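Accompanying notes for the structure given below.
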Amino acid sequence: PVQTVVCRLRVEVKAPEADKSRDIPLDHELQDVALAACEEYGVLPDVLFAVMEVESGYQLDAQNGECYGLMQIHSINLPWLQEQIGVIDPAQNIEAGAYILGGYLERYSLTDSLMAYNLGEGGAKAQWEQGIHETAYTRKVLACLAEGKEEV
């Protein structure tokens with residue numbers, strides 16, 4: 001006699017993960033590093049990429065005075081950051097920038113955090129005491145941020 005066998009097959013198909021990379025002059029691996037650092041330190045990716053664009057124009061070897069790399073980490077910060085993260089290669093430079101920015105964002109508004117990132121916390125506090133909470137730098141980063149959001 002013939003037996004009927006019923007098989008049920010359940011197949012789940014997931015849409016391929018969208019490419020999270022941005023159309024910027026930074027390789028995908030470093031963009032992934034930046035996204036991971038944003039997640040770890042509580043920084044919105046749009047904010048980090050806007051700061052990176054203003055600070056270095058995505059140039060890995062950017063140097064301006066005593067500031068180095070994609071996030072333009074000031075050399076005065078190197079000793080304590082090297083203990084925490086290291087800031088030798090571009091990936092560590094991105095992580096260091098996200099770490100610093102994330103710390104400010106926990107305590108201050110976005111514009112005040114950007115001022116502290118640019119001027120150092122002491123320099124920013126001196127400006128805040130004078131009632132200044134916006135600078136050419138913060139306007140430039142916010143303009144970059146606005147441009148980036150329009151592309152999304």
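Structure notes:
Matching residues to (1) closer than 19 Å to VAL141 by Cα; (2) in contact with a strand residue (DSSP E or B) (Cβ under 7 Å, 6 or more places away or on another chain):
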{"site": "PHE49", "(1), (2)": "yes, no"}
{"site": "GLU53", "(1), (2)": "yes, no"}
{"site": "GLY65", "(1), (2)": "no, no"}
{"site": "ILE76", "(1), (2)": "no, no"}
{"site": "PRO90", "(1), (2)": "no, no"}
{"site": "GLY97", "(1), (2)": "yes, yes"}
{"site": "GLY120", "(1), (2)": "yes, no"}
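- Selection count where residues are open to solvent by less than 90 Å² (accessible area, probe 1.4 Å) and in contact with a Ser or Thr (Cβ under 9 Å, 6 or more places away or on another chain), scope region 28-42: 1
- The conditions of being among the polar types (S, T, N, Q), modelled with pLDDT under 95, open to solvent by 40 Å² or more (accessible area, probe 1.4 Å) and assigned to a loop (DSSP other than H, G, I, E, B) are met by GLN3.
- Yes/no for GLU66 being among the charged types (D, E, K, R) and within 23 Å of LEU30 (Cβ to Cβ): yes
The values are calculated or read from the model by the stated rules, or taken from the named source; none is laboratory data. From a predicted model like this one, the values you see are computed outputs, not experimental measurements. Positions of Cβ are generated from backbone atoms using ideal geometry, with glycine treated the same way; all protein chains shown enter the neighbour counts. Heads up: the accessible areas ignore ligands, DNA and RNA and are worked out on the full protein's heavy atoms, side chains in. Shrake-Rupley method; radii C 1.70, N 1.55, O 1.52, S 1.80 Å.
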